[in-house]
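Working notes for the structure below.
The values are calculated or read from the model by the stated rules, or taken from the named source; none is laboratory data. Owing to the predicted nature of the structure, the values given are computational and were not obtained by experimental measurement. Neighbour counts run over all protein chains shown; Cβ positions are idealised from the backbone, glycine included.
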Amino acid sequence: MTIGLLKGRRDSAPNRRELHPLLLPSTCRYQAFSIVYVNLVIETGQDISMTSEQASGTALWPSAAAREEERRQKREALLLAAVAMFNQRGFSTTSLDDVAASLNVTKPVIYRYLGGKDQVLLECVKRGLEQLQDAVDAARLIDGNGLDRLKLFLHRYAEISSHGFGRCVHRTGDHDLSDGSRREFRALKREIDQAMRRLIEEGVADGSIHAPDVRMTAFTLAGALNWIARWYEPDGPSTPAVVATRIVETLVCGVATRASSIEGVDGRHV
């Protein structure tokens, strides 16, 4: 039987890596269905043809929405593989061939769904920056004062920076991107910086935050959180949530005891 022959061919090469199921070409699935259909007709002698109504509801002729969803899932699989390698090996030492090999596909598949290496990296950092913007939006929805909203944002910022696309944002240098992508990257990062400053300003306005220099305060907070992407080990003893809580507590409360904090760093009482 043809099906058996196909199965035999696959089993005859046990060392061959399996293709990622999401990236199996649609035409291959259609061809496989056709082979099954023909053999069923030959072996059973039965008419198993479908009506147009039945056929329209099968995966053999997916709707436009189904095809778009399949494309989205394939892009997602490629992006997750890429960001994992960029974070682990570094962008400059990772090739698209490496990414393709991790999914057992060819480099043209990546070009088809994502583009070149510069486009892949830009998409990864944009995802991370979108997550940070979502954290800003979530902070603005809660009840409480400016400090409460800032603390929530900082906590999410720290968690996002510890893995995946957020980690990639802080491990990517301007020199890794082309001129056009670099400008877009900087513009998106600037939006997050401005959002953090607004949260600080709102806390200063309602009296919940003491920050004589909002710009310097934002740089200090972001600098501490961005560095998580460099030293945090996902396989370490602390989860991203635990790390985020401890770091935000330190940033918000400082390291001085209540008594000693009354005196400023220059010796003056504050």
The lone exception for S92 - which of (1) crowded, with 18+ Cβ neighbours inside 10 Å; (2) outside the structural domain of H210 (by TED's automatic domain parsing); (3) farther than 28 Å from T245 by Cα it fails: (1)
The one condition in (1) touching a His at 6+ places or on another chain (Cβ under 9 Å); (2) closer than 14 Å to R149 by Cβ that S208 fails to fulfil: (1)
Matching helices (runs of 4 or more DSSP H) fully within the stretch 61-113 where at least 3 residues are closer than 17 Å to R167 by Cβ: 64-89
Any hit, the stretch 205-216, residues being among the charged types (D, E, K, R) and under 24 Å from A77 (Cα atoms): no
Single unsatisfied condition, R71 versus (1) under 22 Å from R127 (Cα atoms); (2) touching a Ser or Thr at 6+ places or on another chain (Cβ under 9 Å); (3) at pLDDT below 90; (4) not acidic (D, E): (2)
Pair list, Cβ under 9 Å, 6 or more apart: the stretch 178-193 residue closer than 11 Å to D118 by Cβ, other residue surrounded by 15 or more Cβ atoms within 10 Å (Cβ to Cβ) and β-branched (V, I, T): S181/V125; F185/V125; F185/V169; F185/T172
Criterion violated by Q119 - all others in (1) under 19 Å from W227 (Cβ atoms); (2) surrounded by fewer than 21 Cβ atoms within 10 Å (Cβ to Cβ); (3) in contact with a helix residue (DSSP H, G or I) (Cβ under 8 Å, 6 or more places away or on another chain) satisfied: (1)
Looking only at the stretch 95-108, and only at residues there that are in contact (Cβ under 8 Å) with a residue 60 or more places away in the chain and buried (at least 16 other Cβ atoms within 10 Å of the Cβ), the one that is nearest to T172 (Cα to Cα): L103
Wholly enclosed helices (runs of 4 or more DSSP H) of the stretch 115-199 bearing at least 3 residues polar (S, T, N, Q) and under 17 Å from the mean Cα position of the chain (by Cα): 117-141
